[in-house]
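The values are calculated or read from the model by the stated rules, or taken from the named source; none is laboratory data. Predicted, not measured: the structure shown is a model, and the values here were computed from it. Cβ placement follows ideal geometry from the backbone for every residue including glycine, while neighbour counts extend to all protein chains displayed. In case anyone asks, the SASA skips ligands and DNA or RNA and just uses the protein heavy atoms, side chains included. Shrake-Rupley method; radii C 1.70, N 1.55, O 1.52, S 1.80 Å.
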Amino acid sequence: MEGRLRQGESHQERGERMASPEDRIRELKERAMRAAGKPAPYGPDIDLSQYSCTPQECAYAEELSDIRDVDPEELARSGVDITGKGRSGSFVQLDNTIVHRKALEKGVEILGTTEALRKYDWAWEYFWNVVQVDADKYTADVELNGYEGYFIRALPGSRTVYPLQACLYIRSPRLVQRVHNIIIAEENSELHIITGCASDHRVDMALHLGISEFYVKRNAKITFTMIHNWVPGMDVRPRSGAVVEEGGVFLSNYIVMEPVRSLQLYPTARLVGEGAVARFNSVLVARPGVEMDVGSRVVLSAPRCSAEVVSRAITLGGSIVARGHLRGEAEKVKAHLECRGLILEEGGGMLAIPELEATVPNVDMSHEAAVGKIAQEEIEYLMARGLSEEEATATIVRGFLNVRIEGLPPVLEREIQKMMEISQRSAL
Amino acid sequence: MSEREEEPRDQVVLEVRDLHVEVEGREILHGVDLMIKFGETHVLFGPNGSGKTTLLMAIMGFPRYRVTRGRIIFAGEDITGLEPHLRAQRGIGIMFQRPPTIRGLALRDMVRLCAGGEIDLSAMAEEMNLVDFLDRDVNYGFSGGEIKRSELLQLLAQDPRLVLLDEPESGVDMENLQLVGRAIRKLLQKDRRRTRTKCGLIITHTGYILDYVEADTGHVMCDGRIVCSGNPREQLEGIRKFGFEECARCTR
Ligand SMILES: Nc1ncnc2c1ncn2[C@@H]1O[C@H](COP(=O)(O)OP(=O)(O)OP(=O)(O)O)[C@@H](O)[C@H]1O
Ligand SMILES: [Mg+2]
C-alpha cells in the first residue's frame with residue numbers, strides 16, 4: 001500500500017514520494033484494459049455488450065424534496081427519508097447522474113467522486129487502492145467507461161450522530177450503472193452511512209457495478225448499511241474493500257431480500273493496525289430465479305485485531321452461495337465466522353463455504369455453519385403457545401433474520417430495524 | 001357467560017377416553033382413561049418410559065403422538081383431531097421439559113405472543129426473577145432452572161384453563177423450587193377456593209411439588225396404562241415404600 005499516507009506524512013510529501021497522478025492514471029487505464037475480458041472467479045459471467053443504454057440526463061436538485069426524475073415513493077422504497085430528517089446528509093444518484101448531494105452537519109463532507117477529484121489534488125490517492133482496478137472485467141469496465149458515486153469524508157475527530165443516507169437508483173432499462181464510492185473516516189472520527197440501491201419496476205434488464213473503497217483511519221469508526229431493492233432483471237456486481245488502521249472499527253450490514261437476477265460480491269476488509277475490528281453481517285433472501293453468491297472476507301494482519309462475519313440466508317426457491325473467509329496473519333487475533341441458512345422452499349439450494357486460514361500459531365479463529373429447514377420442534381413450541389403453523393413459521397423466520405448488530409448507535413439500530421421490517425413484509 | 005350460568009363444580013373439563021397413542025409406529029399408550037373436573041389438580045406418577053410425557057403430548061395434540069383409538073374431550077368439545085394451536089386457543093397450556101431455543105426471538109416477545117393481549121410484563125418478569133432475561137433469545141443458554149422459570153412466565157401470560165406440567169421440579173434447586181411452586185400455585189389459583197376455575201395435570205417423580213400445590217387426585221401409569229387412581233399422598237407413600245412393581249400389581 002505505498003499509495004497510502006504514511007504516519008506523520010502530509011499529502012504533499014506523499015505526493016512527491018509517489019509517481020505523478022498522470023502516471024498513475026495511465027497505469028490504471030492500462031491495467032483495466034488488460035482486465036477487460038477477465039471473468040470474475042464467482043457468479044455467472046455477464047456479457048457486457050448486451051447493455052446499450054445512454055442514460056438520460058437528470059436535473060440537479062438543491063433539496064431532496066425537489067428531485068423530479070424519480071417518484072418520491074421509489075426513493076423511500078430504497079430507504080431514503082425524503083424529509084432528510086434524522087440524517088446528517090444525503091446523496092442521490094439516478095442512473096449515472098448525481099441529482100442531489102448535501103451535508104447537513106459539520107464535520108462531514110459529501111461530494112460526487114468526479115467532483116472530489118477536481119476539488120482535491122490528493123483525492124486520486126484513494127481510488128483503486130483497496131479494490132484493484134484489474135480485479136475482473138467489472139472493475140475494469142468502471143474505470144474504462146467512467147463513473148460517478150459518492151465521496152464521503154468525516155473530518156478528524158468529527159462524530160455525526162445521525163447517519164448519512166445515499167441512494168443509487170436505476171431508471172433506464174439496459175443501463176450499466178457505474179458507481180465508484182470513496183468513504184474516508186479520518187482519525188478519531190465516526191461515520192454512519194445507509195445506502196439504498198433500487199431500480200424502477202419497468203427496468204427489465206440492467207447492470208449495477210459498484211466500487212466502494214473504505215478508509216478507516218486510526219481510532220475511527222464506520223458503520224455502513226446497504227439495502228438492495230432491485231427487480232428481477234437486474235445483475236449486480238458490487239466490489240468493495242476496506243482498510244482499517246489501529247483501533248479502527250468497520251461494521252458492514254448488507255441486506256437483500258428483493259429479487260434480482262444475479263448478485264455476486266465478496267468484499268474484503270484488511271485490518272492493518274493493532275486492535276482493529278471488522279464485522280460483516282449479511283441477510284439474504286432468494287426467491288425463485290434468483291442467483292446469489294455473497295461472501296465476506298477479513299484479513300487480520302496486525303496483532304489483537306478481531307473480526308466477525310455473520311450471514312443469514314433464506315432460500316424461497318432461489319440459489320444462494322454464502323461464503324466467508326478469515327485469514328489470520330498476526331499474533332493474538334480473534335475471529336469468528338457464522339453462516340446459517342434456511343431452506344424454506346425447494347428449487348434453488350444453499351451452499352455455505354466457510355474458510356479459516358492462519359499463518360501464525362497464536363490465533364483464535366472459529367466458524368459455525370448450519371443449513372437446513374426450520375426445526376419442527378420450534379414450530380410446535382410456538383403452536384403450543386397458540387400460534388398457527390404459518391404464524392409460527394413467520395415468527396421463526398423473523399427471528400432468524402433478526403441479527404443483532406452490535407456497536408450501532410440506537411438511532412441507527414431503530415432505523416435499520418424499521419427497514420428490515422419493511423423489506424421483510426414485501427419479501428416474505 | 002353470565003354470572004348465573006357459572007359452570008357447576010362437577011363439570012368435566014378434560015376427559016380422556018380409551019386413548020391409544022402411537023409414536024413412530026409403536027403403540028405407547030394402550031387405552032388411557034382420565035377425567036379432570038372443574039378446578040381440580042391431578043398428579044401423574046409412573047416409572048421412566050411408562051408413557052406419562054406421551055399422554056401430555058397427546059393431550060396437547062403434537063402430530064408425532066398419533067391417536068389411533070379413543071377420544072380427548074375438552075370442555076365438552078371433542079378435540080382429538082385439533083391442531084395444537086387451536087387447543088392452546090381453547091385453553092390448554094403445556095410446560096416444556098426441554099424447549100428448543102428460538103434464535104432472534106426475545107423472551108419478551110415470546111411472552112407477549114403467549115399473552116395474545118395486554119399484560120404487565122415487567123411485574124410478571126419481576127415475580128419470576130427473569131427481568132434480566134427478557135431481551136435474551138428465548139431459552140438461549142438458559143440453565144435448567146431458568147428454563148423452568150421462563151416456561152412458567154410464558155404460561156402465566158397465556159393463562160390457560162388446563163395446565164400440563166411435565167416434572168416441573170426436576171433440576172430445580174431449593175430456592176428456585178419455591179419460586180416454581182409459587183408460580184404453579186398462581187397458575188392453578190390455589191389461593192382461591194370456591195371460585196377456582198383452573199385445572200392441572202402434573203407429572204412428578206419426587207412429589208416435592210405437592211408441598212406447594214395440593215392435588216386432588218393421583219394416577220399411577222405403568223406400561224401405557226393408568227393402573228391406579230386415588231389419593232396422591234398415599235400413592236406416593238406406596239411407591240416410596242414398595243416401588244412401582246407392587247403398585248402395578250395392586251388393583252384397587
Ligand atoms: N419420539 C419418540 N420416538 C420414539 N420413541 C419414543 C418417543 N417418545 C417416546 N418414546 C417412547 O415411548 C415410551 C414412553 O415415553 P415417555 O416419554 O412418555 O415416558 P415417561 O413416562 O415420560 O418417562 P420419564 O419418566 O423417563 O420421563 C418410551 O419407551 C419412549 O422411548
Ligand atoms: Mg417424561
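A few points about this structure:
- Criterion applied to A:V285, A:V277 was being free of Cβ contacts under 8 Å to residues at least 40 places away in the same chain and of a type outside the set (G, A, S), and the one residue passing it is A:V277.
- When restricted to residues that are open to solvent by less than 30 Å² (accessible area, probe 1.4 Å) and on the phi < 0 side of the Ramachandran plot, the range B:57-82 contains 9.
- Failed condition for B:G224, given (1) at pLDDT below 95; (2) in contact with a strand residue (DSSP E or B) (Cβ under 9 Å, 6 or more places away or on another chain); (3) farther than 30 Å from B:M124 by Cβ: (1)
- Leading residue by the ranking (nearest to A:Y169 (Cα to Cα)) among those in the range A:88-108 that are surrounded by fewer than 19 Cβ atoms within 10 Å (Cβ to Cβ) and not hydroxyl-bearing (S, T, Y): A:K102
- Members of the range B:37-56 that are closer than 22 Å to B:I184 by Cβ and either open to solvent by 40 Å² or more (accessible area, probe 1.4 Å) or more than 11 Å from ligand 2 (Cβ to nearest atom) (or both): B:K37, B:F38, B:G39, B:E40, B:T41, B:H42, B:V43, B:F45, B:T53
- Residue check, A:E346 under 22 Å from the mean Cα position of the chain (by Cα) and among the acidic types (D, E): no
- Residue count, the range B:146-188 (criterion: in a helix (DSSP H, G or I), more than 16 Å from ligand 2 (Cβ to nearest atom) and acidic (D, E)): 2
- Any chance B:G31 is open to solvent by 10 Å² or more (accessible area, probe 1.4 Å), in contact with an Asp or Glu (Cβ under 6 Å, 6 or more places away or on another chain) and not hydrophobic (A, V, I, L, M, F, W, C): yes
- Which numbered condition B:D191 fails, given (1) within 14 Å of chain A (Cβ to nearest Cβ); (2) more than 16 Å from ligand 2 (Cβ to nearest atom); (3) acidic (D, E): (1)
- Only a single item in (1) in contact (Cβ under 8 Å) with a residue 12 or more places away in the chain; (2) surrounded by 17 or more Cβ atoms within 10 Å (Cβ to Cβ); (3) away from ligand 2 (no atom under 14 Å from the Cβ) is not met by B:H85, and it is number (1).
- Flag if B:G76 is small (G, A, S) and within 16 Å of ligand 1 (Cβ to nearest atom): no
- Condition met for A:A198 (closer than 26 Å to A:I82 by Cα and at pLDDT 95 or above): no
- Residues that are loosely packed, with under 13 Cβ neighbours inside 10 Å and either closer than 16 Å to A:V203 by Cα or hydrophobic (A, V, I, L, M, F, W, C) (or both) do occur in the range A:58-69, at least one of them.
- None of B:H205, B:H219 is within 13 Å of ligand 1 (Cβ to nearest atom) and either at pLDDT 95 or above or at positive phi (or both) except B:H219.
- The numbered conditions (1) crowded, with 19+ Cβ neighbours inside 10 Å; (2) closer than 21 Å to B:G181 by Cβ; (3) within 16 Å of ligand 2 (Cβ to nearest atom) are all true for B:H205 except (1).
- Residue within the range A:347-363 that is within 14 Å of chain B (Cβ to nearest Cβ) and open to solvent by less than 50 Å² (accessible area, probe 1.4 Å) present: no
- Inclusion of B:E22 among residues that are open to solvent by 10 Å² or more (accessible area, probe 1.4 Å), away from ligand 1 (no atom under 14 Å from the Cβ) and more than 21 Å from B:T217 (Cβ to Cβ) is not warranted.
- Residues of the range A:378-397 satisfying the condition of being more than 7 Å from chain B (Cβ to nearest Cβ) and open to solvent by 20 Å² or more (accessible area, probe 1.4 Å): A:E389, A:E390, A:E391, A:T393, A:A394
- Restricting attention to the range A:287-314, the residues being in contact with a Lys or Arg (Cβ under 6 Å, 6 or more places away or on another chain), of a type in the set (S, T, N, Q) and not in a strand (DSSP E or B) number 0.
- Counted residues, the range A:290-306 - those being open to solvent by 30 Å² or more (accessible area, probe 1.4 Å) and either closer than 21 Å to A:M365 by Cβ or at pLDDT below 95 (or both): 5
- Residues within the range A:186-206 that are part of a strand (DSSP E or B) and either of a type in the set (S, T, N, Q) or over 16 Å from the mean Cα position of the chain (by Cα) (or both), tallied: 4
- From the options B:N129, B:N139, residue that is open to solvent by 30 Å² or more (accessible area, probe 1.4 Å), in contact (Cβ under 8 Å) with a residue 40 or more places away in the chain and in contact with a helix residue (DSSP H, G or I) (Cβ under 7 Å, 6 or more places away or on another chain): B:N129
- When the criteria are applied in full, B:H219 fails the requirement of being touching a Gly at 6+ places or on another chain (Cβ under 9 Å) and open to solvent by 50 Å² or more (accessible area, probe 1.4 Å).
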